[in-house]
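Encoded as structure tokens, the structure appears first; notes follow it.
The values are calculated or read from the model by the stated rules, or taken from the named source; none is laboratory data. As the structure is a prediction and not an experimental result, all values here were calculated from the model. Cβ atoms come from the backbone with ideal geometry, glycine included; neighbour counts cover every protein chain shown. Note: accessible area is taken over every heavy atom of the protein model, side chains too, but ligands, DNA and RNA are not part of it. Shrake-Rupley method; radii C 1.70, N 1.55, O 1.52, S 1.80 Å.
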Amino acid sequence: MREAHLDAVGRVDPERLWRRLMEMARIGALPGGGVNRAAFSAEDIAARKRLVSWARALGCSVAQDAIGNLFIHRAGTDPRAAPVMTGSHMDSQPRGGRFDGIYGVLAGLEAIEAMERAGVRTRRPVEVVAWSNEEGGRFQPCTMGSAVHTGAKQLGEFLSVTDNDGVALGDALARTLAAMPDLEQRERKAPAAAYIEAHIEQGPLLELEGATIGVVTGIQGLRWFNVEITGETAHAGTTPLAGRRDALREAIDAINALRELTRDETDTVRFTIGRVLVSPNSPNSVPSHVLFSVDVRHPDAATIERLGSAVEPAVRSAVRRCSVAVNPTLTDDPCTFDPGVVAAVERAARTLDLPFRRMPSGASHDAMYMARVCPTGMIFVPCERGVSHNEAENAKPGDLAAGARVLAAALLELAD
Ligand code: GLV
Ligand code: MN
Ligand code: MN
């Protein structure tokens, strides 16, 4: 690594990074130590404002696009060169942790700050992006901001999606965009030269093996569905069981059929029903309507395709008296990251003398969509016991800083 680059990497400051992480963790803080910063909520807006103020203090310009993705731009010396991008997301799960997503955004900001303090100019611009609605906890599906940015989806497909309170995404997004009217508006932009996302691992492997850096090789495939089962409400005390069209009873049968479908001795298939809405949701009324989500994942393309195709038939065969609608909300095949970016991340870890291992990602990330449009890779750092999507999510300041150093080193290499 060049002397100037090594100097910049050395200026990644563990305390500054930790301080910013803890400041963000106060926005939407929960009593159990985690955060609830739902996409396009007041808390999301507060986090956006904080990020923009930090970026501007570093002399960066900030733009936002039509779905609210934020782009922090540090100019390069070649005005025609495509940027090297990094980033992640600032929204959280409803009972999320302090690191999922926000770490990748603040690690990117830290890398820029280190470059700035070392006085290093790169040929290419370096951009930190905060993607909108990565989690999909409030508005489904997940990874929406990167899907729209890369052209995989159109914003119009999502505007009428509603949250559990019936608020439309289009209205929440409009309030979010209006909260920072002074930001430069950016529409579809020139492609990036490369994208690297830093993230906590969200699994136990790095900690178990005593490795500090995960050099991520790709992301497993996933399928999301919303299943709606419609029956008829009735009096719980008087209506004979034989005559009922009980939507919840049939939803349970459907879920059991999906459990059979996804049974796997090797414990490789991931199957989750994470969201269930029941109407009228009263103890003494037979449920007339149930909506539940299905999340199925597998690293093998043929297997996830087979499982995804079998979801609707499995549900239909289990439901007898109610009507059924099965709507796919996300269809992402497994992705393999660019060998050149993977090698750059590995080179950075080796140069900085950090123990690393190559590994795939079980969780999904915006890097999945970026990998379709530019050379892409990811950096993982350990998190305590692999716990994530949980208020107890935790990570060590030293590991978080190590990941930011690897990020800075890889960005510098790719931007020069
Ligand atoms: C992202 O949080 C995912 O669901 O993998
Ligand atoms: Mn995340
Ligand atoms: Mn997450």
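Checking Arg26 against (1) crowded, with 21+ Cβ neighbours inside 10 Å; (2) within 22 Å of Thr176 (Cβ to Cβ): exactly one of these is not met. Which one?
Checking Arg26 against (1) crowded, with 21+ Cβ neighbours inside 10 Å; (2) within 22 Å of Thr176 (Cβ to Cβ), the one that fails is (1).
Taking region 51-106, which residues are within 16 Å of ligand 3 (Cβ to nearest atom) and polar (S, T, N, Q)? Outline the logic, then answer.
In the first step, residues of region 51-106 are kept if they are within 16 Å of ligand 3 (Cβ to nearest atom); the result is 87-106.
Passing the criteria: Ser88, Ser92, Gln93.
Which residues, counting only those in region 308-367, are closer than 30 Å to Ala193 by Cα and either free of Cβ contacts under 8 Å to residues at least 12 places away in the same chain or among the β-branched types (Val, Ile, Thr) (or both)? Lay out the reasoning, then the answer.
Step one: list which residues in region 308-367 are closer than 30 Å to Ala193 by Cα, which gives 329-367.
Within region 308-367, Thr329, Thr331, Thr336, Pro339, Val341, Val342, Ala343, Val345, Arg350, Thr351, Asp353 meet the criteria.
For region 357-373, how many residues meet the condition of being open to solvent by 10 Å² or more (accessible area, probe 1.4 Å) and not hydroxyl-bearing (Ser, Thr, Tyr)?
Just the residues of region 357-373 that are open to solvent by 10 Å² or more (accessible area, probe 1.4 Å), to begin with: 357-358, 360, 362-364, 371-373.
Filter again for not hydroxyl-bearing (Ser, Thr, Tyr), leaving 357-358, 360, 362-363, 371-373.
Here the count works out to 8.
State yes or no: is Pro125 open to solvent by less than 30 Å² (accessible area, probe 1.4 Å), in the same structural domain as Val52 (by TED's automatic domain parsing) and modelled with pLDDT of 95 or more? It would help to see each step written out before you state the result.
Working: open to solvent by less than 30 Å² (accessible area, probe 1.4 Å): yes; in the same structural domain as Val52 (by TED's automatic domain parsing): yes; modelled with pLDDT of 95 or more: yes.
For Pro125, the condition - open to solvent by less than 30 Å² (accessible area, probe 1.4 Å), in the same structural domain as Val52 (by TED's automatic domain parsing) and modelled with pLDDT of 95 or more - is met.
Considering (1) surrounded by 13 or more Cβ atoms within 10 Å (Cβ to Cβ); (2) farther than 30 Å from Met370 by Cα, say which one Pro280 fails and leave the rest.
Just one mismatch for Pro280, condition (1).
Within region 291-305, is even one residue part of a strand (DSSP E or B), in the same structural domain as Thr233 (by TED's automatic domain parsing) and within 16 Å of ligand 2 (Cβ to nearest atom)?
Our first condition is that a residue be part of a strand (DSSP E or B); within region 291-305, this holds for 291-298.
So of that shortlist, the ones also in the same structural domain as Thr233 (by TED's automatic domain parsing) come out as 291-298.
In the following step, the residues that additionally are within 16 Å of ligand 2 (Cβ to nearest atom) were identified as 295, 297.
The answer is yes, given that some residue of region 291-305 is part of a strand (DSSP E or B), in the same structural domain as Thr233 (by TED's automatic domain parsing) and within 16 Å of ligand 2 (Cβ to nearest atom).
For residues in region 128-173 being β-branched (Val, Ile, Thr) and within 15 Å of Thr329 (Cα to Cα), which is least open to solvent (accessible area, probe 1.4 Å)? Don't jump to the end; show me each part of the working.
Residues of region 128-173 β-branched (Val, Ile, Thr): 128-129, 143, 148, 150, 161-162, 167.
The next check asks that each one be within 15 Å of Thr329 (Cα to Cα); those that pass are 143, 148, 161-162.
Details: Thr143: 1, Val148: 24, Val161: 34, Thr162: 64 Å².
Step by step, filter region 128-173, then rank; the result is Thr143.
Return the total of residues in region 285-314 being over 19 Å from Glu232 (Cβ atoms) and not charged (D, E, K, R).
Step one: of region 285-314, the residues over 19 Å from Glu232 (Cβ atoms) are 293-314.
Now narrow it down to the ones that are not charged (D, E, K, R): 293-294, 296, 298-299, 301-304, 307-311, 313-314.
Selection size over region 285-314: 16.
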